[in-house]
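Everything below concerns the one structure shown next.
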Amino acid sequence: MSDLIIRQGRLLDPASGVDRRVDLAIRNGRVHAIADRLPDEAAVEEIDATGKWVLPGFVDPHVHLRTPGQAHKETIETGAAAAAAGGYTRIVCMPNTTPPLDNPIVVEWLRMQCEQRSPVHVEIAAAITEGQQGQRLTDFGALKEAGAVALTDDGVGVSNAALMRHALELARHWDLPIMIHAEDPELSDGGAMHAGAVSDRNGIPGIPAAAEAVMVARDVLLAEMTGARLHVLHVSAETTVALIRWAKARGIRVSAEVSPHHLLLTDEDVEAAGFDPNWKMNPPLRARRDRDALIEGLLDGTIDFIATDHAPHERESKETTFVEASFGIIGLETAFALIHTHFADRLSPLDLARLFSSAPAKTLGLPGGRLAVGDPADLTIFDPAQRWTVSPQTLHSLSRNTPFLGRTLQGRIVRTLVAGRTVYALPDGAEEATQ
Amino acid sequence: MVEMSMPTASSASPETQMSRTAPHPSRMRTNDLVSINDLDLDEIEALFAEAEACKRTLLQDRRRQAKPYSDVLSGRTILTVFFEPSTRTMHAFRMAAAMLGAAAQDFPVERSSVGKGESFLDTLMTIQALGADALVLRHPTTGAARFAADHLEIPVINGGDGTGEHPTQALLDAFTIRECLGKLHGLTVTIVGDIRHSRVARSNILLLTKLGVEVRVVGPPTMLPHPQAFPDIMVTDDLARALRGADVVMALRIQAERQKKPLITSAQAYRRGWGLNAERLQRFCPNALIMHPGPVLRGVELDAGLLESDRALILRQVENGVAIRMAVFKRLLNADGREAWQA
């Protein structure tokens, strides 16, 4: 006997290539049966998914959960609620917290906190260097034992090439991917937006695209030398895409992600928005040529998947000039609908499912991203027909810092399940409430 | 860019003025001068005409030793808030206010709560609550004046924001050129120096381009803007090319305080490539007028001899700076009862 039957949804399972209309039964937290038509079972809860997509729960390897120490920006509860509302069932949180996730005690503490407080799976990326200061390596083995699944100093780059070399050597031994925030701090110093025509026209200090690309060039060479797994976070520049394409062709173990905002927006949009600090993030929105190269890289497989870099900030951090405001925007709750809205002509539903679930899971060796019989019932249901407008009321994150407020999107997550249990359901009548 | 959204100050009753001191949550826009883009051609023309009238009367009054020149702004308070050091700009604004009968007060940033960590927004709200009628702001951060204008009801005049803009400097520069050469349209003006980090250059590029001037900018490659930042101007590191046939040459100060990184090895290195001297001017633009927003680093941007020549307009720029700011105050504070500028 099943616990729940999802009827007549369009099942999109990129891991097995399935794209068809089915009934899907869940039992004991796992997918129990999939068939064109499952028999009626008395007294079993059913969800009518006619006209909707049923997808593996999304996996976001790049989330700032702001725990510990920054509960004014996000908490485990609000971050997890935002993830669930965006269709995510598994997220990886970044270590630039207060204190940073740079030792096994705090990693273990956070893992236990998340187990108790988060309805979605939370994985932990620990710091590469103590205090993310770029000086001394952390204890990778102990961090892995405590539960870390990856290493990164995200938020800042590792400027010392020799240190990065040794980090890659040790990460290879412990079989942990190194996720790089590629930024040369000397080149980017003081910058607030992409260095180019728009920044110079307005006198805003710029961050050159090369600040990212020079570090990617360095690190793919170090990855080749050490044989380690290198993952490039939030790719923003055309030159970076070219370098990754070159590295992959050469057989270097490198992967890359791109965020929805870098795929959709440019520095010209920042100017058009009057330098609203909600359009400020690092790496910055770049020139149209960069944006076009990111799209091309995503479509040809150079870029492996989409990640949000969900970076919540309280109002005060953004209630100042563009130059002084904090970097970062939230993204969990708008990512899938944004990409569906703008790329439905270039990405098939199965492609979308892959870029949000199986690709990130497989690339980083995480569970999830599959929805076949026997798999955990971590899934999300998406209604491609529903139109909605992003507003503060539609968001579950503790913060509201997104440039997409006011945007009307095509398609909406209506329900998310973790181990067969509903962790998010769009309230009835929500369409009206968002008007 | 500029919208009318409040009763004109001159018609406001004391009660209305009281209520204006309350912080406003909404982003109301008043009559501000933040960017040259706030001004259309008609308004620029009106400002120049007003400045001409102010200057005429100033000179007459100076002869008669009569002060102030006018009391059109009597009872009004103009607050100068300078987060960066300044001599000529701040005092030109204060002189202009005094000449119009307004009280000019300085908000001493160094001794205020700013040093105690007060946020910029809270400082602005405090300033508004003090009851000033207008704010002249200088700030090291680009965009600070726009931010202030977006959050305050009282007029905000940008006295220089970071590497952003310095609109009154550009207005007085253009006014000075027109006064000396009788026109602006069709002239060639070459700006020499650290263009990328100069708010004076940025405002001048916007204003002079708008007025039909051919603008050229030249400096070391480390100090030039992206070629597409201002598509209609010449951007070059070749001094000879930029100077050839110029009607006006505007030298900028090399601003060490705005350069976190050395963009050139030394003063000599700058001077060798881009310093202005009599020989270079004689060769490429023998009749060009020479301008500088000050303060001048003698022997770096300009050879000392050039400062003393008849072609140097530096002190006239300072003098016109008072007239232009009087015109800005008069038009922003509706002293003659007309609507403030519309753009």
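Overview of values
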quantity	calculated
Mean-position separation - Cα centroids, region A:194-264 and region B:250-311, in angstrom	40
Average beta-carbon neighbours from other chains, 10 Å sphere, peptide A:313-322	3
Contact order relative to length of region A:257-306, as percent, for alpha carbon pairs under 8 angstrom and 6 or more apart	53
Inter-chain shielding of B:136-145 (mean C-beta neighbours from other protein chains, 10 Å cut-off)	4
Sorted peptide list for A:79-91, A:120-132, criterion being average Cβ within 10 angstrom, highest first	A:79-91, A:120-132
20 Å reach of a label modelled at B:Glu319, 7 Å along Cα-to-Cβ, counting backbone N of region B:169-188	B:169-184
Potential lengthening between A:Gln393 and A:Leu221 on full extension [0.36 nm per residue; Cα-Cα distance subtracted]	57.3 nm
Sites A:Arg136 and A:Glu268 - FRET efficiency at Förster radius 41 Å, r taken between beta-carbons, to 0.05	0.45
Region A:117-208: relative contact order as a whole-number percent, Cα under 8 Å and 6+ apart	22
Anchor B:Lys55: aspartates and glutamates whose Cα lies under 12 Å away (excluding residues fewer than 8 positions away in-chain)	B:Glu179, B:Glu319
Computed label-point distance, nm, for sites A:Asn160 and B:Asp238 using a 7 Å Cα→Cβ extension	4.7
Packing-based ranking, highest mean first, of A:290-297, B:304-311, A:140-147 given that Cβ atoms within 10 Å are counted	A:290-297, A:140-147, B:304-311
Rounded to 5, percent antiparallel among DSSP beta bridges of chain A	50
Partner chain coverage, peptide B:161-172 - average Cβ within 10 angstrom	2
Long-range amide H partners of A:His194 with built H, under 5 Å	A:Ile207, A:Leu285
Filter on A:Lys248/A:Lys362; A:Lys144/A:Lys248; A:Lys144/A:Lys280 - keep pairs with C-alpha separation over 23 Å	A:Lys144/A:Lys248; A:Lys144/A:Lys280
Alpha carbon centroid spacing (whole Å) that separates region A:358-435 from region A:102-179	28
Percentage relative contact order, chain A, counting C-alpha pairs under 8 Å, at least six apart	20
Segments B:175-184, A:357-366 sorted - mean Cβ within 10 Å per residue, highest first	A:357-366, B:175-184
Two-site label geometry, A:Met112 and B:Thr222: point separation in nm, points 7 Å out along Cα→Cβ	5.4
A:Gln410 paired with B:Thr77, simple spin-label distance in nm, labels 7 Å along Cα-to-beta-carbon	5.8
Stretchable slack from A:Arg250 to A:Glu296, in nm (0.36 nm times residue separation minus alpha-carbon distance)	14.6 nm
Cβ-derived FRET efficiency at R0 51 Å, A:Met1 paired with A:Arg288, nearest 0.05	0.35
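None of the figures in this text is laboratory data; all of them are computed from the coordinates on show. This is a predicted model, so every value here is computed, not measured. All Cβ positions, even for glycine, are placed from backbone atoms using ideal geometry, and neighbour counts span all protein chains on display.
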